[in-house]
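**Q** Could you have a look at this structure, given as structure tokens, before my questions?
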Amino acid sequence: MEIIWTKTGKDSLKATLKFIKLNFGDAIARNIRNEIETQTNLLSLHPFMGKKDSIHSSSTKTFRYIIIKRRSKLYYYLQSNVVYIVLVWDVRQDIKSLRRSLDM
């Protein structure tokens with residue numbers, strides 16, 4: 001299955017890695033980045049591997065997420081045989097902006 005990173009997904013990846021780097025160091029940020037790449041590759045083979053997020057899903061989009069190293073989540077949805085990655089979220093960030101980020 002094809003993987004497409006949305007603009008919000010790319011921006012949130014950069015912001016999340018920056019947040020992790022500033023707060024927890026370069027090595028942890030690199031480790032998270034590598035794990036995101038690994039999980040993204042797996043996602044192309046197993047698009048339903050993520051857990052459904054019923055709280056943030058709507059009638060038009062069913063969001064799923066994969067937990068990355070217990071502290072980050074990769075949010076995505078499926079549409080027409082394409083996986084759209086919409087958000088990378090470190091769970092230590094402000095939860096209130098998560099909903100705004102997924103409302104794109």
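**Q** Over 10 Å intervals from 0, what percent of Cα-Cα pairs in region 1-55 sits in each interval?
**A** 22, 44, 32, 3
**Q** Additional query: Relative to the first principal axis of the alpha-carbon coordinates of the chain, what is the inclination of helix 26-45, with its axis defined by its Cα atoms, in degrees from 0 to 90 and to the nearest 10?
**A** With both axes taken from Cα atoms, the answer is about 20 degrees.
**Q** Compute, for the chain, the length of the dipole vector about the Cα centre, with Cβ point charges of +1 (Lys, Arg) and -1 (Asp, Glu) only. Units Debye, rounded to 20. Write out the running numbers ahead of the final one.
**A** Numbers: 19 positive and 9 negative charges, 60 e Å.
Rounded to the nearest 20 debye, it is 280 debye.
**Q** Rank G50, L22, T38 by how far each Cα sits towards the positive end of the charge dipole of the chain (+1 on Lys, Arg Cβ; -1 on Asp, Glu Cβ) and give me just the farthest.
**A** Going by the charge dipole, the pick is L22.
**Q** Another question about this same structure. In the structure shown, do any of K10/K52; K14/K51; K21/K73; K52/K73; K51/K73 have a Cα-Cα gap over 18 Å, and if so which?
**A** Details: K10/K52 21 Å; K14/K51 23 Å; K21/K73 16 Å; K52/K73 12 Å; K51/K73 11 Å.
Violating the 18 Å Cα-Cα cut-off are K10/K52; K14/K51.
**Q** For each of D26, D53, count neighbouring Cβ atoms within 10 Å of the residue's Cβ, then give the residues from fewest to most. Numbers along the way, then the final one.
**A** Numbers: D26 10, D53 16.
Neighbour counts put them in this order, fewest first: D26, D53.
**Q** May I have the extent of the alpha carbons of region 2-102 along their three principal axes, as whole Å values ordered from largest to smallest?
**A** In descending order, the Cα extents are 38, 30, 23 Å.
**Q** Full extension from K51 to V82: what is 0.36 nm times the residue separation minus their Cα-Cα distance, to one decimal in nm?
**A** The K51-V82 span can extend by a further 9.5 nm.
No value in this document is a laboratory result; all are computed from the given coordinates. Computed from a predicted model, the values in this text were never measured in an experiment. Using ideal geometry, Cβ is built from the backbone for each residue, glycine included, and neighbour counts are taken over all protein chains shown.
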